[in-house]
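Comments concern the structure below.
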């Protein structure tokens, strides 16, 4: 079991570590921002890949829509049959 003094030091150490890690995180963000500004890092977008992904996404969305419409039509037909009986 920890004494009050040990707990107090433990809390102080926790606060010091949080401050240290926070400072490191801030420095990394600043470094990344400066590096991006200076051209050290570039963001390159592959337009061909984007267009291919868009095409696949549209095809999959159309297939899903068609499948759902088929299910809804079948359910609608079953409901109509049940009502007419």
- Out of curiosity, is residue 65 surrounded by 10 or more Cβ atoms within 10 Å (Cβ to Cβ) and at pLDDT 90 or above? yes
Suppose the filter is under 24 Å from the mean Cα position of the chain (by Cα) and surrounded by 10 or more Cβ atoms within 10 Å (Cβ to Cβ); does residue 43 pass it? no
When segment 30-40 is checked residue by residue, the ones that are over 22 Å from the mean Cα position of the chain (by Cα) and assigned to a helix (DSSP H, G or I) are 30, 31, 34, 35, 36, 37, 38
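The values are calculated or read from the model by the stated rules, or taken from the named source; none is laboratory data. Just so we're clear, the structure is a prediction, and the values are computed from it rather than from any experiment. Cβ sites come from the backbone with ideal geometry, for glycine too, and all protein chains shown count toward neighbours.
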